[in-house]
Amino acid sequence: MLPNAPRRLREMMAAGDLIWGPGVYDGISARLADAVGFPMLYMTGAGTAASRIGQPDLGLTTMSEMAENVRVIAGVARVPVIADADTGFGGPPNVARTVHAYEAAGAAGLHIEDQAFPKRCGHLQGKVVVGTEEFVQRIKAAANERYNPDFVIVARTDALQPNGFEDALDRLRRAFDAGADVGFFEGPTSVEQMRRIVAEAPGPMLLNVVPNGATPMLRVDEVRALGFRFAIFPSATMMPAALAIRRALETLKRDGSDAAPNEGKSPRDLFAMVGLDEQLAIDERSGSKHFATA
């Protein structure tokens, strides 16, 4: 876990460069992303729903399930983790409890959106949003009630699809007034919209880059050139892993062996990916020989 992750994220924000990273959804994906090296990691809500309860991103996960996944991911990350907090899971007291749970779990920040409950993935059709005042109340509760003033509150609006561009942008203006640190305009459909978002929003903006979603696919350098301060790539681990698992299972069923998909890797190789050497070092420093031959 990164000590005082919110403070580290604030320092990165002050430095002025683009802060970006992949979506992760469990301990393995977080470990691998952390080892490859990114400025930050993003706990995807869709990935959490798929991995923890085997369900689509339709608001089916509970706050406690989401917070526990934050704890797992932040516990192995050496960089700040920003986490999806859906709608905040209720009214202002629920939002406050969500913020406290995510803070305790080790997140550096979270995003709360203006969808009505039950919410759905931002790149599905048929989204419904609450009124602007209710959204503002959610953001105000998150900002006012956080224990650590460095904890980063990201205000996400999904209003573009149901209400149009101007309403979505107005919601973000109101959210910044309510105490949001970063804005998240979900689902812009063109580069021109992205330019307007950055130019007209009164604070730093985050871009959600989803392959084959509503938003044009951009590279990191293109996102940086547009002026966004954050970029998340939520499908970077989730979809490739799901496709690889399915192909491996199809191979096992067809061939009666899973040797080929494992590419000659041993169980020890997997354990090395998730921290075996760290645990052996702890054992050795303590004077124990329990895992000496692991």
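The values are calculated or read from the model by the stated rules, or taken from the named source; none is laboratory data. This one's a predicted model, so the numbers in the text were calculated from it and none came from an experiment. Neighbour counts run over all protein chains shown; Cβ positions are idealised from the backbone, glycine included.
Residues that are among the small types (Gly, Ala, Ser) and free of Cβ contacts under 8 Å to residues at least 12 places away in the same chain within the range 157-186 comprise just one, Gly164.
Could you list, in sequence order, the residues of the range 28-73 that are touching a residue at least 60 places away in the same chain (Cβ under 8 Å), of a type in the set (Ser, Thr, Tyr) and under 17 Å from Tyr102 (Cα atoms)? Within the range 28-73, Tyr42, Thr44 meet the criteria.
The residues of the range 239-273 that are modelled with pLDDT of 90 or more, surrounded by 13 or more Cβ atoms within 10 Å (Cβ to Cβ) and within 23 Å of Pro22 (Cα to Cα), listed by number, are Met239, Ala241, Ala242. Using the structure shown, decide if Gly109 is closer than 22 Å to Ile73 by Cα, assigned by TED's automatic domain parsing to the domain that holds Arg78 and either crowded, with 19+ Cβ neighbours inside 10 Å or not β-branched (Val, Ile, Thr) (or both). Against the criterion (closer than 22 Å to Ile73 by Cα, assigned by TED's automatic domain parsing to the domain that holds Arg78 and either crowded, with 19+ Cβ neighbours inside 10 Å or not β-branched (Val, Ile, Thr) (or both)), Gly109 qualifies. Each residue in the range 274-293 was checked for being outside any helix (DSSP H, G or I), of a type outside the set (Ser, Thr, Tyr) and either loosely packed, with under 11 Cβ neighbours inside 10 Å or under 29 Å from the mean Cα position of the chain (by Cα) (or both), and 6 pass.
Count of the range 69-81 residues, restricted to those that are more than 18 Å from Val36 (Cβ to Cβ) and touching a Lys or Arg at 6+ places or on another chain (Cβ under 8 Å), is 1.
For the condition among the charged types (D, E, K, R), crowded, with 18+ Cβ neighbours inside 10 Å and in the same structural domain as Ala141 (by TED's automatic domain parsing), what is the one hit in Asp177, Asp181, Asp221? Every option except Asp181 fails the conditions. Taking the range 232-259 as the range and being touching a helix residue (DSSP H, G or I) at 6+ places or on another chain (Cβ under 6 Å) and in a helix (DSSP H, G or I) as the test, the residues that pass are Thr237, Met238. Checked against the criterion of being surrounded by 22 or more Cβ atoms within 10 Å (Cβ to Cβ), assigned to a helix (DSSP H, G or I) and of a type in the set (D, E, K, R), the candidates Arg171, Arg156 yield just one match: Arg171. Being farther than 17 Å from Glu145 by Cα, surrounded by 18 or more Cβ atoms within 10 Å (Cβ to Cβ) and at pLDDT 95 or above is a property that Thr61 has.
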